[in-house]
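J.: Quick one: this structure, given as structure tokens, is what I'll be asking you about.
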Amino acid sequence: MIKRTFFFLFIITSPFNLYSQLYFNEVSDFQKFNHTYFNVISGAGVSFVDFNQDGFDDISIPTNDDNSILFFKNSNNKFDLVNFNIDFPYQVKQILWIDYDNDDDKDIYVTSYNGKNKLFQNHDFLYFDDVTLSVGLPDSISNSFGASWSDINNDGYLDLYQTYRTFDSLSYCGNLYLSDSAKFFNDITYSSGISEFNKAVFCATFVDIDNDNFQDLYIANDKFTVNSMYRNYDWKKIVYDKLSLSNIQSSNGSQCPDGSELKKTVSDDGSYYVYKCSS
């Protein structure tokens, strides 16, 4: 008689997705990549961008010493300090790599607290030139934390929203600049309807909250000043209306700060809600 042995493989299925645990190792000492940011107002941002386009993300970090920005080139997971001869003797808050002139290389925009916000154009091979004044952006001392770039009118060029830290109720706490084919930036803050007054602004970001392919604006504020959400409802004229984000509840009928009724709109896929005061 021939004996046969059968092996059965049971597969247990579950309605829940199973994921292996992710583990991270702290390697800054090994990489000789230690950095401290101290004796300043709050902290600062860090940027991971492949600025030399070799396929590896590089690192740009602010400091509070004579070399206010440090650039580290990622050479296959080995970080080498490089010098771009960028003179920026201010307290850096944010470093943004953007291609504002559509020439397929990365330019640099830097925000500063108690300093100047600067735009540096990349003339290939990572040679940078300060073009802030020549393109019409402010070159004066200000208190800034964050900025955001996006193409708000879909003309193919990046536009800029720059936040400012001020408690002057007569001053805007942010400015919207529209790019004229990257040759000049026009301040359209007043005509756009974005009116942030008497706010302690941290940062802002563009996002399309209603899936109409035009960029809306969310502004994060500090010190008990309410965050703001602006919807881009007329991209041809570039006009925004302000959605109320304070005292928001999860249903219709809630009251807005101005006494009007709060209306809730759900996105088509249910992934987010938009709240707006009926007034």
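Please treat every number below as a calculation from the coordinates, not as lab data. Bear in mind the structure is a predicted one, so any value in this text is a computation, not a measurement. Quick reminder, even Gly has a Cβ in these numbers, built from the backbone with ideal geometry, and neighbours come from all protein chains shown.
J.: For labels at residue 22 and residue 223 in the simple 7 Å Cα→Cβ model, what's the distance in nm?
T.: Between residue 22 and residue 223, the simple spin-label model gives 3.6 nm.
J.: From the square roots a ≥ b ≥ c of the eigenvalues of the alpha-carbon gyration tensor of segment 66-145, which class results: rounded (a/c under 1.5), prolate (a/b over b/c), or oblate?
T.: It is oblate, given that a/c is not under 1.5 and a/b is not larger than b/c.
J.: Would you grab the residues whose amide H sits under 5 Å from the one on residue 165? Only those 5+ places off in sequence or on another chain, please, with H modelled 1.01 Å from N.
T.: Answer set, sorted by chain and number: 143, 144, 145.
J.: Still on this structure, I have one more. Roughly speaking, what is the stretch gain from residue 190 to residue 30, that is 0.36 nm per residue apart minus the C-alpha to C-alpha distance, in nm to one decimal?
T.: 52.5 nm
J.: How would you classify segment 133-241 from its alpha-carbon gyration tensor, with a ≥ b ≥ c the square roots of the eigenvalues: rounded for a/c under 1.5, else prolate if a/b is greater than b/c, otherwise oblate?
T.: Verdict is oblate for segment 133-241.
J.: So between residue 78 and residue 130, what do we pick up on full extension, going 0.36 nm a residue minus the alpha carbon distance?
T.: Working it through step by step, the gained length comes to 15.8 nm.
J.: Still on this model: Remind me, relative contact order of segment 48-122 in percent, using alpha carbon pairs under 8 angstrom and six or more residues apart?
T.: Working: 139 pairs, mean separation 15.9, N = 75.
Relative contact order for segment 48-122 comes out at 21 percent.
J.: Also, quick follow-up: What is the sum of charges, Lys and Arg at +1 and Asp and Glu at -1, for the other residues whose Cβ falls under 12 Å from the Cβ of residue 151?
T.: Charge balance in the 12 Å sphere: -4.
J.: How much net charge surrounds residue 221 when only other residues with a Cβ under 14 Å from its Cβ are counted (Lys, Arg +1; Asp, Glu -1)? Please list the in-between numbers first.
T.: Values: positive: 165, 199, 223, 242; negative: 196, 222.
Counting the neighbours of residue 221, the net charge comes to +2.
J.: Once the other residues with Cβ under 12 Å from the Cβ of residue 58 are scored (Lys, Arg +1; Asp, Glu -1), what is the net sum?
T.: Value of the local net charge: -1.
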